[in-house]
Amino acid sequence: MKPDRTALDYLELFRSGSWFRATPADFQERLLRLGVLRALKTGQHLFSRGNLPAGFYGVVDGAIRLRTLGPSGREALLKFLEPPSWCGEIGLFDGLPLTHDAIADAPTVVVHVPHAPLAALLAEQPGYWFEFGRLMAQHMRLTLLSIDEVAHEAVPIRLARRLLLIAQNYGDLHAHSSRVIEVRQEELAMMLTISRQTTNQILKQLEAQGIVGLRYGEIEILDLEKLREVVAGNG
């Protein structure tokens, strides 16, 4: 991270995301003017479960892993946040302790919009609440779809859908999809609550069909249309 950079320097990066791009221009600039840049080392917490909300966060470099830990200490990986993702909107509404950990999965830079100045901005411009509500609805929709998948879809379709979601940054890239996903097989297994062995078997089948390529720590999508066909149940 260059020392002379400010949050506003990442305006165009955030505009590549569907949520931010659809917000009013004055909202975009005023939000980023409140933001400060934070650099995180690999494994460093952005926030922890049980913390009180401290603001709103946008990823500009690296990746954030959202996770929970069960009573036994077993990790449940919820999702990865990569540029230009945002998180923290739920705490703006309810002010309750946070429900999960956010941990840097690599050297990461985020824009942190602190709670107090953001609350003051929302008091001045109450219409801005709509924009955060829209983001929360987007995240809620993905959560409900994930619950529905577990109840009704076969595991290979769930895995293919998750690959597609990650490639599209969970619906937040409006222009393109990433063809190389930096995710380990055990992490993908944790997201889907299935075994690593099952994950590997399904990925090998997709590889044999020429849909993905497997490398250590990475999955390359070779045929996006065929992957979509698998998700649709036609693969």
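Only one of the numbered conditions (1) within 16 Å of the chain's Cα centre (by Cα); (2) crowded, with 17+ Cβ neighbours inside 10 Å is not met by Val113, and that is (1).
Whether any residue in the stretch 18-25 is under 21 Å from Trp129 (Cβ atoms), out of contact with any helix residue (DSSP H, G or I) (no Cβ under 9 Å at 6 or more places or on another chain) and in a helix (DSSP H, G or I) is what I want to check. Give the steps one after another, and end with the answer.
Taking the stretch 18-25 first, the residues under 21 Å from Trp129 (Cβ atoms) are 18-25.
Filter once more, keeping what is out of contact with any helix residue (DSSP H, G or I) (no Cβ under 9 Å at 6 or more places or on another chain): 25.
Filter once more, so that each one left must be in a helix (DSSP H, G or I): 25.
Among the residues of the stretch 18-25, at least one is under 21 Å from Trp129 (Cβ atoms), out of contact with any helix residue (DSSP H, G or I) (no Cβ under 9 Å at 6 or more places or on another chain) and in a helix (DSSP H, G or I), which makes the answer yes.
Can you tell me which residue among Asp26, Asp61 is in contact with a strand residue (DSSP E or B) (Cβ under 8 Å, 6 or more places away or on another chain) and acidic (Asp, Glu)?
Details: Asp26 fails: in contact with a strand residue (DSSP E or B) (Cβ under 8 Å, 6 or more places away or on another chain).
Among Asp26, Asp61, only Asp61 is in contact with a strand residue (DSSP E or B) (Cβ under 8 Å, 6 or more places away or on another chain) and acidic (Asp, Glu).
Would you check which residues across the stretch 136-156 are among the acidic types (Asp, Glu) and exposed (fewer than 12 other Cβ atoms within 10 Å of the Cβ) and list them?
First pass over the stretch 136-156, keeping only residues among the acidic types (Asp, Glu): 148-149, 153.
Scanning the stretch 136-156 gives a single hit, Asp148.
Within the stretch 65-77, being over 17 Å from Val110 (Cβ atoms) and either assigned to a loop (DSSP other than H, G, I, E, B) or not small (Gly, Ala, Ser) (or both) holds for Thr68, Leu69, Gly70, Pro71, Ser72, Gly73, Arg74, Glu75, Leu77. The number of residues in the stretch 179-200 that are surrounded by fewer than 14 Cβ atoms within 10 Å (Cβ to Cβ) and either more than 23 Å from the chain's Cα centre (by Cα) or assigned by TED's automatic domain parsing to the domain that holds Arg65 (or both) comes to 1.
Can you report the number of residues in the stretch 54-64 which are assigned to a strand (DSSP E or B) and without any contact (Cβ under 8 Å) to a residue 60 or more places away in the chain?
Going through the stretch 54-64 one residue at a time, the tally reaches 5.
For the stretch 78-95, give me the residue count where each residue is outside any strand (DSSP E or B) and either under 15 Å from the mean Cα position of the chain (by Cα) or touching a residue at least 24 places away in the same chain (Cβ under 8 Å) (or both).
Count: 11.
Looking at Leu31, Leu8, which is the one that is part of a helix (DSSP H, G or I), farther than 24 Å from Leu66 by Cα, touching a Gly at 6+ places or on another chain (Cβ under 9 Å) and among the hydrophobic types (A, V, I, L, M, F, W, C)? Lay out the reasoning, then the answer.
On the way: Leu31 fails: farther than 24 Å from Leu66 by Cα.
Going through Leu31, Leu8 in turn, just one is part of a helix (DSSP H, G or I), farther than 24 Å from Leu66 by Cα, touching a Gly at 6+ places or on another chain (Cβ under 9 Å) and among the hydrophobic types (A, V, I, L, M, F, W, C): Leu8.
The values are calculated or read from the model by the stated rules, or taken from the named source; none is laboratory data. Just so it is clear, the structure is predicted and the values come from calculations on it, not from any experiment. Counting neighbours? That spans all protein chains shown, and the Cβs are built from the backbone with ideal geometry, glycine included.
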